[in-house]
Each structure stands twice: as structure tokens, then as C-alpha cells.
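Read-outs throughout are calculated quantities, based only on the coordinates presented, and are distinct from any laboratory measurement. For clarity, every value in this text was computed on a predicted model and none was experimentally measured. All Cβ positions, glycine included, derive from the backbone under ideal geometry; neighbour counts span all protein chains shown.
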Amino acid sequence: MINNKFGSVDHFLSENNLPFEDFFRFGLSVDCVIFGYHHGTLKVLLIQRGADPFKYQWAIPGDLVSPEEDLDSSAERILQHLTGLKDIYVEQFHTFGQRDRHPAGRVVTVGYFALVESEKYQPVASHWASDIGWFDIRNIPPLAFDHDDILAKGIEFLRKKVRTEPVVFNLLPPKFTLLDIQGLYEALLLEKFDKPNFRKKILSTGVLVPLDEVQTNVAHRPAKLFRFDQERYDTLKGNTINFEL
């Protein structure tokens with residue numbers, strides 16, 4: 001017997017004259033908000049639906065969860081089937097359960113967000129996705145279902161997370177400049193930072209390792225390169241380190 005605020009499911013169904021099978025008749029899906037960063041612009045990867053409902057409309061990659069798989073496995077499968085992406089940073093961020101969010105019936109979806117170095121991956125539309133593309137988060141077309149809300153929630157979650165954890169480094173190549181980091185934070189948070197203060201703050205976290213290397217093939221004076229030190233972060237985590245700018 002499953003308990004709830006009514007005492008039990010059996011009691012609730014009896015009191016409301018509901019068939020037992022109707023109580024459990026709903027779908028579960030996963031939607032993956034995939035962020036990338038390129039040339040100073042934060043982007044999100046969208047697919048064009050090749051199937052009804054909302055055929056040919058842009059949407060966040062997602063699909064129903066199979067009864068045989070758990071949520072994380074489903075997210076990985078959906079990413080690979082619809083975009084060709086695999087082995088990337090993925091994290092669950094919110095559940096969306098509005099009653100009328102899907103025209104086919106009651107479907108609850110679990111939102112995941114993923115962070116990729118966009119130049120490293122070449123997403124390909126597959127399965128029932130007819131097209132795929134990167135979109136500037138400031139210029140998103142109308143999305144299918146309630147995906148506008150899901151995207152907004154994903155952006156909000158990411159903006160909060162970057163202030164406490166170094167997740168942004170998943171969007172950058174292994175070697176980067178301080179200007180690269182500043183540009184990424186500005187694109188994500190939609191605000192400008194004072195260059196000296198930003199550098200002082202980001203270096204004070206103690207998780208950046210200066211390299212004996214500089215940029216190559218640039219028209220301006222080559223800037224020094226850094227890398228993110230995951231082991232150093234794991235050691236410092238839980239102390240005074242923070243990424244609030």
C-alpha cells in the first residue's frame with residue numbers, strides 16, 4: 001500500500017471514485033538543455049522536431065523514459081540518439097509537472113542541463129530530429145511544449161550554479177586565457193566586469209594553474225594560458241572558496 005496525505009492510494013481512489021489504473025497512467029520524459037560557448041556567445045543546442053506533436057518546431061532535445069531505464073541512463077541515451085553527443089557533463093536541475101504540458105496526455109518531464117565545449121563536438125540530428133542547431137540564448141525561436149519555461153529555468157539554474165561551483169570550465173578548452181573566462185561569465189550573466197577586479201577575484205579562488213605557454217596565431221600580443229585544476233578544487237571545496245563575482 002502506498003501512503004500519501006489522504007492515508008493511502010486505495011483510500012484516495014475510493015473516496016474520489018477513480019479507477020486504480022488511471023492513477024498510474026501517465027508518461028515520464030527527460031529534456032536536456034545543452035549549453036555551449038563560442039566566440040563570446042553562450043548558446044543552447046536545439047533540435048527541430050520531425051514528428052508530431054509540434055512537427056518542424058524547434059525544441060529542447062528530449063524523449064520518453066523507457067520502463068527499463070533509470071533517469072540518468074535515459075538522459076544519456078536521449079542525448080546520443082537525438083544529437084550524437086555522449087560522455088559530456090550532465091546534471092539534473094528541475095522537474096516539470098504541469099497537468100497540460102503535453103497535448104497527448106499527462107507527461108511529467110525531468111530537466112537536465114549539459115555543458116559542452118561547442119568546438120569540440122559536432123552534433124548531428126538523428127532519430128526523429130529533422131534538424132539541429134546552436135542558438136544564442138538572447139535570440140531563441142518559439143519552442144514546442146513548455147520548453148521556453150524549461151530553458152528559462154535551465155539558464156536560471158546555471159547562473160546560480162556558476163557562482164558557487166566551477167562548472168563553466170566545461171564550456172572552455174583545456175587551456176584558456178583569463179579573458180576567455182571573463183568573456184564566458186559576461187555572456188552567461190549578461191553583465192560586464194571590471195577587468196582587473198575580475199582577474200583578481202578569479203585568481204583568488206586558487207584553482208587556476210598558470211602555464212608556461214601563451215596564445216598562438218593571434219593578431220594581438222599573446223596572452224598567458226591557464227588550466228583548471230580539478231584536484232586543487234576538490235581539496236579546497238567546502239572551505240572559503242567561492243565563485244561569486
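Note on the chain: with charges restricted to the Cβ of Lys and Arg (+1) and Asp and Glu (-1), its dipole about the Cα centre is near 1080 debye. Taking each residue as 0.36 nm, the span from ASP70 to ARG163 lengthens on full extension beyond its C-alpha to C-alpha distance by 30.5 nm.
Listed values for segment 27-32 are Karplus-derived 3J(HN,Hα) couplings in whole Hz (6.51 cos²θ - 1.76 cosθ + 1.60, θ = phi - 60°), namely x, 10, 10, 10, 10, 10, and x replaces Gly and Pro. Across the cross-link table entries LYS201/LYS237; LYS195/LYS224; LYS160/LYS200; LYS161/LYS224; LYS86/LYS175; LYS120/LYS192, which are compared at the Cα atoms, the separations over 18 Å belong to LYS160/LYS200; LYS161/LYS224; LYS86/LYS175; LYS120/LYS192. Our coupling estimate for segment 109-122, obtained by passing each phi through the Karplus curve with A = 6.51, B = -1.76, C = 1.60 and θ = phi - 60°, is 10, 9, x, 10, 10, 10, 10, 9, 7, 4, 6, 7, 10, 10 Hz, Gly and Pro reported as x.
Rg of the Cα atoms in the chain, relative to 2.2 N^0.38 Å, amounts to 1.21.
Our summary gives the chain a relative contact order of 19 percent, counting only alpha carbon pairs under 8 angstrom and 6 or more residues apart. Taking the fewest neighbouring Cβ atoms within 10 Å as the starting point, the ordered list for TRP58, TRP128 is TRP128, TRP58. Extents of segment 54-195, largest first, come to 51, 28, 27 Å (Cα atoms, principal axes, whole angstrom). Listed by number, the DSSP H helices of the chain that run 15 Å or longer by alpha-carbon position along their axis and have mean Kyte hydropathy of at least -0.5 are 71-83, 178-189.
Per-residue 3J(HN,Hα) values for segment 53-60, derived from phi via the Karplus relation 6.51 cos²θ - 1.76 cosθ + 1.60 with θ = phi - 60°, read x, 6, 4, 6, 8, 6, 7, 6 Hz in sequence order (x marks Gly and Pro). With semi-axes defined as the square roots of five times the eigenvalues of the C-alpha gyration tensor, the equivalent ellipsoid of segment 25-135 measures 23, 16, 13 Å, largest first. Our helix-only sum for the chain, with -39,500 (n - 2.57) per DSSP H run of n ≥ 4 divided by its residues, gives a mean residue ellipticity at 222 nm of -8000 deg cm²/dmol.
The Stokes-Einstein estimate for segment 159-200, based on a Kirkwood radius over Cα pairs and taken at 20 °C with 1.002 mPa s viscosity, is a diffusion coefficient of 198 µm²/s.
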